[in-house]
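Data first, discussion second: the structure below is written as structure tokens.
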Amino acid sequence: MVKSATLTPLIPIRSATTWAAELLGQEQAVGQIQVGMHADLLAVQGDPLTDIGVLTKVQQVMKGGELVPGD
């Protein structure tokens, strides 16, 4: 019997952040939210761990620790 595997929203989020940083050998600079890390963040309304679809509706962007002006 084969069971269907279901991805939780955390898996693609980690793939795009922590695991990507490790793959590139940059885990000391990016991939986590910590003091001293390079800050590229997306602000969304909602919890992407319960509804990953909120990541398609970005409210604010921070790149290199600076807010990016919106449209």
Among (1) over 14 Å from the mean Cα position of the chain (by Cα); (2) modelled with pLDDT under 90, which single condition is ASP40 missing?
(1)
Kindly evaluate ALA20 against the criterion of being surrounded by 11 or more Cβ atoms within 10 Å (Cβ to Cβ) and part of a loop (DSSP other than H, G, I, E, B).
no
Give me a count of the residues in the range 31-67 that are surrounded by 11 or more Cβ atoms within 10 Å (Cβ to Cβ), free of Cβ contacts under 8 Å to residues at least 24 places away in the same chain and among the β-branched types (Val, Ile, Thr).
4
Could you tell me how many of the residues in the range 23-44 are closer than 14 Å to GLY65 by Cα and outside any loop (DSSP other than H, G, I, E, B)?
3
Give the residue that is nearest to VAL68 (Cα to Cα), with candidates limited to residues of the range 1-17 that are in a helix (DSSP H, G or I) and without any contact (Cβ under 8 Å) to a residue 24 or more places away in the chain.
ALA16
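The values are calculated or read from the model by the stated rules, or taken from the named source; none is laboratory data. None of the values given here were measured: they were computed from a predicted structure. FYI the Cβ positions are ideal-geometry reconstructions off the backbone, even for glycines, and counts take in every protein chain you see.
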